[in-house]
1. Counting only helical runs of four or more DSSP H residues, what would the 222 nm mean residue ellipticity of the chain come to if each run contributes -39,500 (n - 2.57) and the total is spread over all its residues?
2. Calculate, in nm to one decimal, what ILE32 and ARG85 gain on full extension: separation in residues at 0.36 nm each, minus their alpha carbon distance.
3. Restricting attention to the stretch 1-79, which GluC sites (Glu not before Pro) occupy a DSSP loop and are surrounded by at most 14 other Cβ atoms within 10 Å?
4. Carbon and sulfur together cover what percent of the accessible area of the stretch 1-86 at a 1.4 Å probe radius?
5. Please report, in debye to the nearest 20, how large the charge dipole of the chain is about its Cα centre when each Lys and Arg carries +1 at its beta carbon and each Asp and Glu carries -1 there.
6. So if a site counts as exposed when it's one of the chymotrypsin sites (Phe, Trp or Tyr not before Pro), its DSSP state isn't H, G, I, E or B, and it has at most 13 other Cβ atoms within 10 Å, what's the longest stretch of the chain without one?
7. Taking only protein heavy atoms and a 1.4 Å probe, what accessible area per residue, in Å², does the chain have with all protein chains in place?
8. I'd like the FRET efficiency for VAL25 and MET77, computed as 1/(1 + (r/R0)^6) with the beta carbon distance as r and R0 of 22 Å, rounded to 0.05.
Amino acid sequence: PPIAIIRSLIDARATIRAFNPEGGVEMARRAISGIEYAEDTYNAAAEMDCLVLKTESNAFRFSDLSRLKSVMEKPIMVDLGNVYRRA
């Protein structure tokens with residue numbers, strides 16, 4: 001599902017910067033091109049309009065949401081992994 005989501009976003013001309021806390025970057029690079037890769041959550045979100053989470057990783061559960069919001073251009077988060085409560 002993450003690759004299909006990324007391809008759909010690329011088709012819509014979105015700029016993609018991906019981060020996978022569980023690794024798998026090399027597999028992703030082979031499967032899809034035209035995206036950047038970040039070394040952490042904050043770099044992935046920096047100056048972006050939207051952050052899409054498609055993971056249940058604990059790496060995101062402990063993110064500093066205030067810091068995350070401050071690095072984003074528009075602080076919009078789509079949580080497809082149900083990491084956070086709506087509030």
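The values are calculated or read from the model by the stated rules, or taken from the named source; none is laboratory data. What you see is a predicted model, and the numbers here were worked out from it, not measured in a lab. Heads up, the Cβs are rebuilt from the backbone with ideal geometry, glycines too, and the neighbour counts pull from every protein chain shown. Accessible surface is based on the protein model in full, side chains and every heavy atom, while ligands, DNA and RNA are left aside. Shrake-Rupley method; radii C 1.70, N 1.55, O 1.52, S 1.80 Å.
1. Numbers: 5 runs with 33 residues, N = 87.
So the calculated ellipticity at 222 nm is -9000 deg cm²/dmol.
2. 16.0 nm
3. On the way: sites: GLU22, GLU26, GLU36, GLU39, GLU47, GLU56, GLU73; in loops: GLU22, GLU39, GLU47, GLU56, GLU73.
Filter output for the stretch 1-79: GLU22, GLU39, GLU47, GLU56, GLU73.
4. Numbers: 2980 of 6130 Å².
Answer for the stretch 1-86 is 49 percent, counting heavy atoms of protein chains only.
5. Values: 12 positive and 12 negative charges, 51 e Å.
Taking the Cα centre of the chain as origin, the dipole is about 240 debye.
6. Details: sites that count: PHE62, TYR84.
That would be 1-61.
7. Values: 6260 Å² over 87 residues.
On a per-residue basis, the chain sits at 72 Å².
8. Values: r = 22 Å, r/R0 = 0.98.
Result of the calculation: an efficiency of 0.50.
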